[in-house]
Amino acid sequence: MTGIASLMGSAATGLPSLLAQVAQAQRIPGKIDPVPWCPAWAFWVLAALTVAGALVTITRRNLIGAVMSLVATFFGLASIYALLSAHFLAAIQVLVYAGAIMVLFVFVVMVLNREEEEPWSLRSPVLKAFGTGAVVYLLVRIGELLFFARPPLPQRAGTPPPNFGSVSEIAEYFFTKFLFPFEAVSILLLIAVIGAVVLTRTVAKPTSVHDLPLDQQPKDPAADEGDSGAHAAGHGAGGH
Amino acid sequence: MDFLTALMTIGLNHFLVLGLVIFGIGIMGVFLRRNALITLMSIELMLNAGNLTLLSFARAQHDMRGQALAFLVIAVAAAEAAIGLAIVVGLFRNRKSTDLDELNLLRF
C-alpha cells in the first residue's frame, strides 16, 4: 500500500512539471525529417489494423476470436516491418508468429475450451481508479510525444542502402559478430523443446515391472527371470 | 509544428508511438484479464511492440544490429510461447481451470 501511495505521489508531483514541459515544447520550432519513411496512408491503415486487432484480442470473451484477431495483428505488424525495410524480419514474422505460434495457440484453445464467467480481473474500485489514472497519464504522454516538437532523436538522414534488411546482411551479422547469441538461441530452443515435453508428459500406467520406480520393483529375481524368458520366447517365435 | 505535416510525414516518432500503444494494450491485457491464455497472448503483443521499437531504431540509424536483435527476440518468444502453453496445459490438467485468480497458493 505504501508503494502505491508513493507512486501516486510521484505522479501528482510529476503532473505540473509535465505541463510545464508541454508549454515549453510549444515554443520550440518543429524539426522533423522532411523525407517521409513511407507513404502516410500505408502507415495509418496498418497502424489502425494493428491497434484494432490488439484491442479486440484483449477484450474478446471467446478465445478463438481473440486468437484470430491476434493473427490479424501479427499480419499488420509484419507489413509494418516491411515498411521499416526489414523484409526478412517481415517474412519471419509471418512464418513464426502467424504460422507456428498461432497454430499452437489454436490447438491449446481447442483442447481447453472453457468459457469464463467473469473475464475481468479488477474488482476493487481503488484499483480501477488507479488504473484509469495510469491510462490517462499514458495518453497524455503519447499526445505530448505526437503533437509537440521535441529535440529530434539521433538518426541518419535519407533512405537506407538498398540491401538493408536483406537476408545476406542479417546472415553476415549472425556468422561474424552475433555468432555466440545465435548458437545460444539454438541451445535455448532445445531446452524449450525438452521442457515442453517434460511439462506436458502424462505418466503412463506401468505395463511391466521394469516401468515401476526402483524402490517399488519386486526384489524377487524369479519375476525378472520369467519376464525375460517370455521376451526370449517371443523373439524365438518371431524368428522362426 | 504543423499538425498536418506531422500527420503526413511518417518518421521515427510515429513508429515509436505505435510500439508504445501496442505495449500498453499488452500490459492492460496482462493486468485486466484472468484467463491464462489471454495473458500469454498479451505477452506476445508486448514482445512484438519491443521488436517494432528495435526495428524503428535500426531503420533510423541504418544499422543492421537492431534487426539481428529482433530476430533473436522472435526466437525467444517462440520458446516462451511453447513453455507457457505447456504450463497452461499442465495447470488445466491439475486444476480444471485456466483462471489466474484461482492460483493463489504462493500469494502473501
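The values are calculated or read from the model by the stated rules, or taken from the named source; none is laboratory data. Please read these numbers as outputs of a predicted model, since none were measured by experiment. Here the Cβ is made from the backbone with ideal geometry for all residues, glycine too, and neighbour counts use every protein chain on show. Accessible surface is based on the protein model in full, side chains and every heavy atom, while ligands, DNA and RNA are left aside. Shrake-Rupley method; radii C 1.70, N 1.55, O 1.52, S 1.80 Å.
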Label-point gap, in nm, between A:Ala48 and A:Val135 - each point 7 angstrom along Cα→Cβ: 2.2
Highest average packing first - B:85-97, A:65-77, B:47-59, Cβ atoms within 10 Å: B:47-59, A:65-77, B:85-97
Computed E for B:Met8/A:Ser168 - FRET, C-beta separation, R0 35 angstrom, nearest 0.05: 0.55
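Over chain B, what relative contact order in percent results from Cα pairs under 8 Å that are six or more residues apart? Can you show the working numbers first?
Working: 81 pairs, mean separation 28.3, N = 108.
Relative contact order for chain B comes out at 26 percent.
Could you give the length gained by full extension between A:Arg201 and A:Gln217, i.e. 0.36 nm per residue of separation minus their alpha carbon distance, to one decimal place? Before the final figure, lay out the partial values.
Numbers: separation 16, 0.36 × 16 = 5.76 nm, distance 2.22 nm.
Residue separation times 0.36 nm, minus the Cα-Cα distance, leaves 3.5 nm.
Between chains B and A, what is the buried accessible area summed over both chains (1.4 Å probe, protein heavy atoms, nearest 100 Å²)?
7500
Just to be sure I follow: if Rg is taken over the C-alpha atoms of region B:1-106 and Rh is the Kirkwood radius over the same atoms, what is Rg/Rh?
On the way: Rg = 17.9 Å, Rh = 15.8 Å.
Radius of gyration relative to Kirkwood radius: 1.13.
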